[in-house]
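Accompanying notes for the structure given below.
The values are calculated or read from the model by the stated rules, or taken from the named source; none is laboratory data. Since this is a predicted model, take the numbers as computed values, not measurements. Positions of Cβ are backbone-derived with ideal geometry, glycine not excepted, and every protein chain shown enters the neighbour counts. Calculation scope for accessible area: heavy atoms of the full protein, side chains included, ligands and nucleic acids excluded. Shrake-Rupley method; radii C 1.70, N 1.55, O 1.52, S 1.80 Å.
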Amino acid sequence: MVAIVLFMNVAIPKLNDSIASCFDVAKQFEIVVIKNGKIISSKSVNCHEGEGFQRVRLLRLHEIHTLICSGIKRFYIDQLSSIGVTVIPNINDSIKNAIHRFLSGELTKISTIKEQTKSDQIVSHDELINWTEKLFKDFGYSILPCTEKDSSLVDL
């Protein structure tokens, strides 16, 4: 009889004891080694580099099979997928609960990330002006109308 031993390395971007909100800038990762559905080791790994590419490289160096994270850009999901890493995004939980949910099979389905379309990105000129006015007023500035023909939209 041959026993099959299954190893899996799981990474979670970490902020204190919770999942960091953004993969791209996470300063630490929790690396969890799982053998036959049980945690056999866990360690924190620092990543102080300034870009997401270094995080992808770090996961590759640690032979990560699955990334459980909160926010992550589609670009990095594609990079990680291309090297065989399964990405489970949009998880906002403590590290402990996320691992428990993963081991219980609750996080097997990959959450979808809504792709922005060009129509999602279009903001009307009037909306931009209203947002800018509100922002300035919220910080105590006065907004005065400008009657000059070639004036800038916002002149400080």
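Return the residues of the range 47-57 that are open to solvent by less than 50 Å² (accessible area, probe 1.4 Å) and among the charged types (D, E, K, R); say none if nothing qualifies. Steps first, please.
Keep residues of the range 47-57 that are open to solvent by less than 50 Å² (accessible area, probe 1.4 Å), which gives 47, 52, 55-56.
Once the filter is applied, which keeps residues that are open to solvent by less than 50 Å² (accessible area, probe 1.4 Å) and among the charged types (D, E, K, R), the range 47-57 yields only Arg55.
Being modelled with pLDDT of 90 or more, open to solvent by 90 Å² or more (accessible area, probe 1.4 Å) and either within 23 Å of Val32 (Cα to Cα) or touching a Phe, Trp or Tyr at 6+ places or on another chain (Cβ under 9 Å) (or both) narrows it down to one residue among Asn92, Asn97; which is it? That would be Asn92, the only listed residue that is modelled with pLDDT of 90 or more, open to solvent by 90 Å² or more (accessible area, probe 1.4 Å) and either within 23 Å of Val32 (Cα to Cα) or touching a Phe, Trp or Tyr at 6+ places or on another chain (Cβ under 9 Å) (or both). Taking the stated definitions as given, is Ile34 in contact (Cβ under 8 Å) with a residue 60 or more places away in the chain and either part of a strand (DSSP E or B) or open to solvent by 50 Å² or more (accessible area, probe 1.4 Å) (or both)? When the stated conditions are applied, Ile34 passes them.
Summed over the range 73-89, residues that are of a type outside the set (Val, Ile, Thr) and surrounded by 14 or more Cβ atoms within 10 Å (Cβ to Cβ) total 5.
The residues of the range 58-72 that are surrounded by 20 or more Cβ atoms within 10 Å (Cβ to Cβ) and either β-branched (Val, Ile, Thr) or outside any loop (DSSP other than H, G, I, E, B) (or both), listed by number, are Leu59, Ile64, Thr66, Leu67, Ile68, Ile72.
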